[in-house]
Amino acid sequence: MAERLKKTVALVGMMGSGKTAIGTALAKRLGVPFLDSDEAIVQAANMSIAEIFERDGEAFFRAREAEVLSRLLEGQVGILSTGGGAYLSADNREVIHRKGVALWLKADTDLLWSRVKHKTTRPLLRTANPRATLEELIATREPAYAKAELTAQARAEYSIADMVEQVIKVLATREDVLATD
């Protein structure tokens, strides 16, 4: 059975939820482009997200993020990985809902921590107690993520391929998003 993506799927969720890894594999499986809003910002600015945060602050970064999301959603249908904080903005949520569909890659705290604890590329976790910071971010952000139209639950035992299959099952519940011919 062949699947055909009808709308861009914006993957939302916490850092470490698999938006990039799963999004890349999902795009390949569906034969559509993989887009990464963080990567697009890095390319446009010619500096890392951590450097943008340090030099220009989070408010500046969030404004550029909104511009990039809107631009990426205008293009060809594909899989769009968003930054962990992108979906917190009501304006970004509205643009995603109008031009595509949001899918929350939901993962529990232990799984997220196991994936991000050794990364040095997470500016929001550069604190005295990064695990506690992560827990605070989860508590703050999950109400916004819960506004996504679709949710796929990540599990530690799932491979990327397993998670792609879970996402396909979720997408297939919406005929306006994924056609199965």
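A few remarks follow.
- Within region 25-56, the set of residues being charged (D, E, K, R) and assigned to a helix (DSSP H, G or I) comprises 28, 29, 38, 39, 51, 54, 55, 56.
- Residues that are more than 16 Å from the chain's Cα centre (by Cα) and of a type in the set (Lys, Arg) were ranked within region 1-17; the one that is farthest from residue 88 (Cα to Cα) is 4.
- Any chance residue 20 is at pLDDT 95 or above and either surrounded by 20 or more Cβ atoms within 10 Å (Cβ to Cβ) or under 12 Å from the mean Cα position of the chain (by Cα) (or both): no
- Residue within region 32-46 that is surrounded by 16 or more Cβ atoms within 10 Å (Cβ to Cβ), under 22 Å from residue 114 (Cα atoms), touching a residue at least 24 places away in the same chain (Cβ under 8 Å) and not charged (D, E, K, R) present: no
- Positions within region 94-118 being basic (Lys, Arg), touching a Leu at 6+ places or on another chain (Cβ under 9 Å) and under 20 Å from residue 147 (Cβ atoms), in sequence order: 98, 99
- The set of residues in region 135-181 being over 23 Å from residue 86 (Cα atoms), of a type in the set (Val, Ile, Thr) and free of Cβ contacts under 8 Å to residues at least 60 places away in the same chain consists of 173 alone.
- Helices (runs of 4 or more DSSP H) within region 69-181 that include 3 or more residues at pLDDT 95 or above: 90-99, 130-145, 160-171
The values are calculated or read from the model by the stated rules, or taken from the named source; none is laboratory data. The model shown is predicted, which means the values in this text are computed figures rather than measured ones. Positions of Cβ are backbone-derived with ideal geometry, glycine not excepted, and every protein chain shown enters the neighbour counts.
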